[in-house]
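Enquirer: Have a look at this one before I ask anything.
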Amino acid sequence: MKIFNDIKLFYNKRNSDNWNLSKHYVPDFFETKFIVHWVYGIIEKFPFDKYPMKNETFEDMNKRVKIEQEFDVLLRKEELYEPISIKKLANKFNVEFSQKTVELIPENPGIHYLDNLSIRKLQESLKKISQNSKLNLLICENEEYDYYTADLQKEYTNITLEKYFEIQELYSFQLDTCLFDENLNWCLTTAENAPILLGCKKELESEIEQKMSLELFKVENEQEMY
């Protein structure tokens, strides 16, 4: 259909050795691009200073196991974690505040992404920014997933948010997709091993930032995302 032509043309022309740039995921006619950051949580009383960063000796392993058992973090249950802003995480661990903050913090079970809360916030946000506009979804060709997605359409016109999230959660947001409104004011993209990206017209930047419940990090076309 005609409404998909510009979006499909963009994806069909992509070819790069470096896929760590937003310009390869968000069509170039959306001037502003954001990384949509998942919510992270923290266990405030977790002994970060005592948890061994390395796990090379029996002593390290025993310390880790003791702390993990004490705080019951083996399964990373979301209810154990208090949501925390990325800014506060950066300050707490004295690392740079950016879309890369979480990657700069040594991996430990005291902080963890909150999948369910993030999806709920994304649902709330898309309802706000879509309002009464019709939404369309393009699912791009992907050799790795094509066998498993044979029952999906490649183009969905006037798709509901319920259907959109049903598809995305089934494939853990790893499909190459572009959700966009009928007026091409904004889009939301997903891709394998890439962050969720939001693109919009320049004049809508402030409005969309206000309506999004998840933290956004503005990225330039040539800026590395992670």
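Enquirer: Residues to consider are N18, N55; find the one that is in a loop (DSSP other than H, G, I, E, B), among the polar types (S, T, N, Q) and in the same structural domain as N158 (by TED's automatic domain parsing).
Expert: Being in a loop (DSSP other than H, G, I, E, B), among the polar types (S, T, N, Q) and in the same structural domain as N158 (by TED's automatic domain parsing) holds for just one of N18, N55, which is N18.
Enquirer: Okay, moving on. Select from region 192-214 the residues that are in contact with a His (Cβ under 9 Å, 6 or more places away or on another chain) and either outside the structural domain of C140 (by TED's automatic domain parsing) or modelled with pLDDT under 95 (or both) and list them in ascending order.
Expert: Within region 192-214, A194 is the sole residue that qualifies.
Enquirer: Let me ask something additional. Going by what's in this entry, would I139 be described as in contact with a Ser or Thr (Cβ under 9 Å, 6 or more places away or on another chain) and over 30 Å from I84 (Cα atoms)?
Expert: Criteria met by I139.
Residue-by-condition table, conditions (1) touching a helix residue (DSSP H, G or I) at 6+ places or on another chain (Cβ under 9 Å); (2) crowded, with 17+ Cβ neighbours inside 10 Å; (3) at pLDDT below 95; (4) in the same structural domain as I7 (by TED's automatic domain parsing):
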| site | (1), (2), (3), (4) |
| --- | --- |
| K127 | yes, no, no, yes |
| N132 | no, no, yes, yes |
| L135 | yes, yes, no, yes |
| C140 | yes, yes, yes, yes |
| Y145 | no, yes, yes, yes |
| T157 | yes, no, no, yes |
| K163 | no, no, no, yes |
| C178 | yes, yes, no, yes |
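Enquirer: Could you grab me the full set of residues in region 172-197 that are more than 12 Å from I139 (Cβ to Cβ), in contact with a strand residue (DSSP E or B) (Cβ under 6 Å, 6 or more places away or on another chain) and free of Cβ contacts under 8 Å to residues at least 24 places away in the same chain?
Expert: F173, the sole residue that qualifies.
Enquirer: Still on this structure: Any residue at all in region 29-48 that is assigned to a loop (DSSP other than H, G, I, E, B), of a type in the set (K, R) and assigned by TED's automatic domain parsing to the domain that holds C187?
Expert: No, region 29-48 contains no residue that is assigned to a loop (DSSP other than H, G, I, E, B), of a type in the set (K, R) and assigned by TED's automatic domain parsing to the domain that holds C187.
Enquirer: A follow-up question, please. So which of S118, S172 ends up being at pLDDT below 95 and polar (S, T, N, Q)? Full working, then the answer.
Expert: On the way: S118 fails: at pLDDT below 95.
Going through S118, S172 in turn, just one is at pLDDT below 95 and polar (S, T, N, Q): S172.
Enquirer: Based on what the data block shows, is L184 part of a loop (DSSP other than H, G, I, E, B) and in contact with a Pro (Cβ under 9 Å, 6 or more places away or on another chain)? Steps first, answer last, please.
Expert: Values: part of a loop (DSSP other than H, G, I, E, B): yes; in contact with a Pro (Cβ under 9 Å, 6 or more places away or on another chain): yes.
For L184, the condition - part of a loop (DSSP other than H, G, I, E, B) and in contact with a Pro (Cβ under 9 Å, 6 or more places away or on another chain) - is met.
Enquirer: I need every pair where a residue in region 79-101 that is touching a residue at least 60 places away in the same chain (Cβ under 8 Å) has its Cβ under 7 Å from the Cβ of a residue that is buried (at least 17 other Cβ atoms within 10 Å of the Cβ) and in a helix (DSSP H, G or I), sequence separation at least 6 or different chains.
Expert: These pairs meet every condition: I86/T101.
The values are calculated or read from the model by the stated rules, or taken from the named source; none is laboratory data. Predicted model, so just to flag it, every value in this text is computed and none were measured. With ideal geometry, Cβ positions are generated from the backbone for all residues, glycine too; neighbour counts draw on all protein chains shown.
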